[in-house]
Amino acid sequence: MGLIRKVTTWSYDELIDYVSVNPTRDEVTHYKVDPQNEADDSIMKMHTVKDFGSITCLDFSNFEVGLVVVGEKDGYVRLFNIMMADNPEYESIDMRARAKQQRCVNTLGINSNGLVAMGLDRNRIDPSLQIWDINYQNTGSSIVNPTFSYCTNENIVSSKFLNETGIIVSSTKFLKEIDIRAPQPVFQHPTRLSYDIKLNPFNEYQFSTYGDDGTLAIWDKRKIAGSATSTELKVAEPLLVFEKLVGVGAASKKYMNSCFRWSTVRNREFATLHRGDLIKRWWLDSCGSNEEVGDEVEELFVSRVRDIDTTFDRVLTFDYIPQNNYQTSLLCMRQSGTVYRMPVTQSYTKTSFNNYNSLMLSNCEVPNMDEIKVTSGNQKSNVENVTKSMRRLSFEDLDLENDYLPSTGESDEDRGSLEVANEEENSYLGINNYSIFWKPENLLEKDISVIIKARAMLGYGLDPMATVQMIDGSRTLQNNAYIRNTWRWIAIAKAAVDDGTMVSGDLDLGYEGIIGIWDGLSGISNQNRLREGRILTDKHLEREIEKIIRLRRKHKHGLGTNGGLSRFTGSPKLIQRKLCLIVSGWDLSASDFEEKYQNIIKAGSYEKAAAWAVFFGDIQKAVEILGSAKKEKLNLIATAVAGYMAYRDQPGNNAWRQQCRKMSAELEDPYLRVIFAFIADDDWWDILYEPAISLRERLGVALRFLNDIDLSRFLELTSSAVIENGELEGLILTGITPSGIDLLQSYVDKTSDVQTAALISLFGCPRYFRDKRVDEWVQTYRSMLNSWELFAMRAKFDCLRTKLSETSGGEIRAEVKPRQMYVQCMNCKKNLSKINSSFYNNSMKLTEESNRSLHMTKKYGMTNTPLPLDKQNQKHSCSYCGTPFPRCVICLLSLGTPNLPFVIDGAGQQLQGSSKEETNDHHREEEIQRENENYQGKKLRLNEWFSFCLSCNHGMHAGHAEEWFEKHNVCPAPGCSCQCSK
């Protein structure tokens, strides 16, 4: 047997006392341990008492410092003070006694009143549980004089005092609670799990035992007592049972103390020793009880288990060393009798990200949390290079700007910073020579939530064109080309909706995709795109689409460009094909072609310009473009392409075609590959199968050259692919429709960019359709903005949703958020912004009567005109109770008076954008001028609003208040000394 037990009540300093029995069971030692010092010298051996026979059990007093009681195999109990036993100068208690019928002592217990409970082997005459008082024990006799005796003819194997009068004992067959004031036990429960009772220090009702086969049980004595008093034949069960947890044959080693310890640091934790080299820490949790017996009985379950390898092997026993902040280490005794301490390394058990993308790390053992925090620097959007304005946008502007490639140069000032405890020189964590693990702070900086917050602070998505400009000017955002191109398409589609060119009398095709237009009625059947109450046929739909095409052509001519008609094959869906070309930006005239070529050539991309010429069916132009390049390689390629003119009419295979096929497979540039692939076989599908070509370019080729059957098949296959892959640029094909929401769902599943999905979906939902996924994205994004305290952005987002939900007929289909602030009457507390219907009807009748009176004859030389006071009361009083509005103490006019006879300028204001910086951009100057005019109009209207002092309740116009308190501190009302401005 080896035993070590912690004593919590002996020391008043910061040290902890431990009492131990060595493995040979012949000496007792007292240790003191410094819990905060992990060094070996923190264990101090204070006192040792030797010359015992064979120790079987040990207990100590929690109230008298140093008092220890030891039981021996020969039946004697020795009571002594370990702090004085090895010092003959002090007189201390040292008592040695036995039962009348001498036999082995199996268990001992001592309480605060000096009662000692002694559990013995079975005897027919002498009780096996004898409780005696050390204060009245005859020191001259070696036979104990028991005060209380119980359990005759039973083998008592374990006991623990619950309090001054209660004790729980166990024999090999029963588990009992005894109150020494009563002759009968409180309960008696039959069980074989009865060895080594240990009380839970955090719960007076719970205790543990184990059985002969090493099975561990955790009990609640309320549950046992309730079962004993119940009339039902129901045997109480332990709260938890662990089969063979402490080793097979544990009880057969009669004097072994089980390697089980309740934690003195944390409730619902215990530890067990296995094989001498492994300690398991168990954490329990509770789910409550369906049946309450007295107080609520906990229903326990194991929540976590942690294995800890011991520092040295052959460990016999251990106990906890509690430390500050709920941390702990272990004090272990080896088979040789050596005592050492073993630190317990703390590990994180839970991680979580908050909406600021800080990584929170928690440990179930301590109440503190660690945090890896991300702090983003100030984001600035550089829009100086933007030359196109919203009012000039059309679908034909989907040109070479779609090939936008963000700058990869990035300075340290443009990047966010991270607050972490330790900084590494490398951004990677090299483990086993594999540099594939990023440091946590670098990963967090690139996480989507950090990017979402940075975008939101810049107003991302509130205006499509401004979003394109923001992406162009910011280096720190996730400014991928596909995001930028998608917002540009939405900006152009929004411009078409705003100018009414995608709406006819009964049909609204705003933000509709190519496949929806191509499919006709079936493509828009699941959306609300028709005027309410109207039913369209196929012919009616064609007429409405023709109207939209004429509006587009007229609008295009008004913008200064020529309305070009493309070459189409004979098709029953000719009208749909034309509109699809317009939406995709490929409805171009010959002059438009030439303009596109020149723009692309100026960008230095001769290969793309030549490929576009092929897309338009002009091979000769492609040869001309490649021949004009200054690169010798492109001149040689132009010569090879020119062979198409000679060989296109020759059927069959030849060396030229074979060489073209070979070059289409070997060239790196995708545009050159598709040129050679097409001229080799004269098949447009060679271009459509090239994934390196943008989707819009492939759509242009398909719409211009494929027949109806092939085009339908291509659109169906391509739409399925972009939806499955979540390709954001595929919205030009699906539109912002239910199919587009499927695409956005795939995009969110892959990127977690719920911000982009929520903002894009607003342009179609709920104006044309409703989808629960959109509602989820919207609410998620709103909650993120609120958690970041970006309340202004959240309010703008709500306003944008309401505005975009308005149909062409003026119906708002979104749920409008109620106003959070309004002006109420000081008398009846009603909302003045809501018109009283009864008052409105009465005022209308009064107006009609007044108009009729103008035509009546004169009486007494005067015209019967309406009373000025009545009209004044109607305009400047509450429509519910008639209370007049308060007057401005500056101008004495009633607040809320429209069309004031003067202008309220307010305090001196600097208009936005009124700096004198010179610029050569005429469009930029016009935009600044419009912003200044808009700001000035809003400011003048704000100056006429109500303004009140919450202290003196005097009111005035907001502009008058600014003018007055710019020069004064006291209220302008006569006789009022309130300092309203403070």
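The values are calculated or read from the model by the stated rules, or taken from the named source; none is laboratory data. These numbers come from a predicted model, not from an experiment. Note that each Cβ is placed from the backbone with ideal geometry, even for glycine, and that neighbours are counted across all protein chains shown. Each accessible area value is taken on the protein alone, full model and side chains, heavy atoms only, with ligands, DNA and RNA left out. Shrake-Rupley method; radii C 1.70, N 1.55, O 1.52, S 1.80 Å.
Only residues that are within 28 Å of Gln779 (Cα to Cα), charged (D, E, K, R) and at pLDDT below 80: list them for the stretch 809-840, please.
Of everything in the stretch 809-840, those that are within 28 Å of Gln779 (Cα to Cα), charged (D, E, K, R) and at pLDDT below 80 turn out to be Lys817, Arg819.
Before we move on, is Ala795 assigned to a helix (DSSP H, G or I), within 26 Å of the chain's Cα centre (by Cα), free of Cβ contacts under 8 Å to residues at least 24 places away in the same chain and at negative phi? Yes. When each of Ser720, Ser712, Ser752 is tested for being hydroxyl-bearing (Ser, Thr, Tyr), at pLDDT 85 or above, over 34 Å from the mean Cα position of the chain (by Cα) and surrounded by fewer than 19 Cβ atoms within 10 Å (Cβ to Cβ), the lone residue that passes is Ser712.
Report whether or not Gly53 is of a type in the set (Gly, Ala, Ser) and open to solvent by 10 Å² or more (accessible area, probe 1.4 Å). Yes; evaluated as a whole, the condition is true for this residue. Scanning the stretch 628-637 for residues that are closer than 19 Å to Lys596 by Cβ and buried (at least 17 other Cβ atoms within 10 Å of the Cβ) turns up Ala629, Leu634.
Scanning the stretch 883-903 for residues that are in contact with a helix residue (DSSP H, G or I) (Cβ under 9 Å, 6 or more places away or on another chain) and of a type outside the set (A, V, I, L, M, F, W, C) gives Pro884, Ser894, Gly896, Thr897, Pro898.
For (1) crowded, with 21+ Cβ neighbours inside 10 Å; (2) modelled with pLDDT of 85 or more; (3) out of contact with any Leu (no Cβ under 6 Å at 6 or more places or on another chain); (4) in a loop (DSSP other than H, G, I, E, B), each residue gets a yes or a no:
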| residue | (1), (2), (3), (4) |
| --- | --- |
| Ala217 | yes, yes, no, no |
| Gly226 | no, no, yes, no |
| Glu232 | no, no, yes, yes |
| Glu237 | no, yes, yes, yes |
| Val241 | no, yes, yes, no |
| Gly249 | no, no, yes, yes |
| Ser252 | no, no, yes, yes |
| Arg261 | yes, yes, yes, no |
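Meeting the requirement of 1 or more residues that are under 27 Å from Asp508 (Cβ atoms), the helices (runs of 4 or more DSSP H) wholly within the stretch 680-745 are 695-705, 708-725, 731-734. Residues of the stretch 125-150 that are surrounded by 14 or more Cβ atoms within 10 Å (Cβ to Cβ) and in contact with a Gly (Cβ under 7 Å, 6 or more places away or on another chain): Ser128, Leu129, Asp133, Ile134. Within the stretch 583-605, at least one residue is touching a strand residue (DSSP E or B) at 6+ places or on another chain (Cβ under 9 Å), of a type in the set (A, V, I, L, M, F, W, C) and not in a loop (DSSP other than H, G, I, E, B). Filtered by the rule that a residue be among the basic types (Lys, Arg) and buried (at least 23 other Cβ atoms within 10 Å of the Cβ), the stretch 494-532 gives a lone residue, Arg529. Scanning the stretch 309-342 for residues that are open to solvent by 30 Å² or more (accessible area, probe 1.4 Å) and farther than 21 Å from His30 by Cα turns up Asp309, Thr311, Phe312, Asp313, Arg314, Asn324, Asn325, Tyr326, Gln327. The lone criterion from (1) small (Gly, Ala, Ser); (2) assigned to a loop (DSSP other than H, G, I, E, B); (3) within 30 Å of Lys32 (Cα to Cα) left unmet by Gly140 is number (3).
Results for (1) of a type outside the set (Ser, Thr, Tyr); (2) open to solvent by 30 Å² or more (accessible area, probe 1.4 Å); (3) modelled with pLDDT under 90, shown as yes or no for each residue.
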residue	(1), (2), (3)
Phe678	yes, no, yes
Leu695	yes, no, yes
Asn725	yes, yes, no
Leu743	yes, no, no
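Does the stretch 657-665 include one or more residues that are over 30 Å from Ala495 (Cα atoms), open to solvent by 30 Å² or more (accessible area, probe 1.4 Å) and of a type in the set (Ser, Thr, Tyr)? Checking the stretch 657-665: not a single residue is over 30 Å from Ala495 (Cα atoms), open to solvent by 30 Å² or more (accessible area, probe 1.4 Å) and of a type in the set (Ser, Thr, Tyr). What do you reckon, is Arg122 at pLDDT 90 or above and either surrounded by fewer than 18 Cβ atoms within 10 Å (Cβ to Cβ) or under 16 Å from Arg25 (Cα atoms) (or both)? Yes; evaluated as a whole, the condition is true for this residue. Against the criterion of being outside the structural domain of Asn123 (by the TED database), within 20 Å of Glu243 (Cβ to Cβ) and in a loop (DSSP other than H, G, I, E, B), Arg181 does not qualify.
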